[in-house]
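The next block holds one structure in the form of structure tokens; read it before the comments.
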């Protein structure tokens with residue numbers, strides 16, 4: 001059985017990144033657009049609004065796809081204004097889909 005760092009179907013190395021975007025990021029379809037972008041790239045994980053007004057996401061998948069999604073998260077959808085973002089490297093946990101959380 002492959003580790004969470006390796007995709008079972010093709011042996012591709014998986015990485016994971018946690019992103020927190022701050023600014024005008026809630027109420028602008030950030031989470032819904034993030035889910036579409038993630039699914040388009042084959043990235044698993046989740047995205048949620050935080051009580052402090054930020055949006056937090058976890059992206060897991062092939063390095064190139066996760067990197068593209070991290071880049072997207074730094075600006076978000078058209079109506080968002082991302083003032084700052086932080087990106088942390090985390091261990092992949094073997095997530096199998098992308099979901100929007102509360």
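Values in this text are rule-based calculations from the coordinates and carry no lab data. None of the values given here were measured: they were computed from a predicted structure. FYI the Cβ positions are ideal-geometry reconstructions off the backbone, even for glycines, and counts take in every protein chain you see.
Listed values, structure above:
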quantity	calculated
Segment 14-92: relative contact order in percent, alpha carbon pairs under 8 Å with at least 6 residues between	49 percent
Virtual spin-label span in nm between residue 89 and residue 51, 7 Å along Cα→Cβ	3.2 nm
Chain lengthening between residue 36 and residue 100 when straightened (0.36 nm per residue, less Cα-Cα)	22.0 nm
Over the chain - Rg/Rh using Cα atoms and the Kirkwood inverse-distance radius	0.98
Highest to lowest packing among 83-89, 47-53, scored as the average C-beta count within 10 Å	47-53, 83-89
Helix-only [θ]222 nm of the chain, DSSP H runs n ≥ 4, -39500 (n - 2.57) each, per residue, nearest 500	-7000 deg cm²/dmol
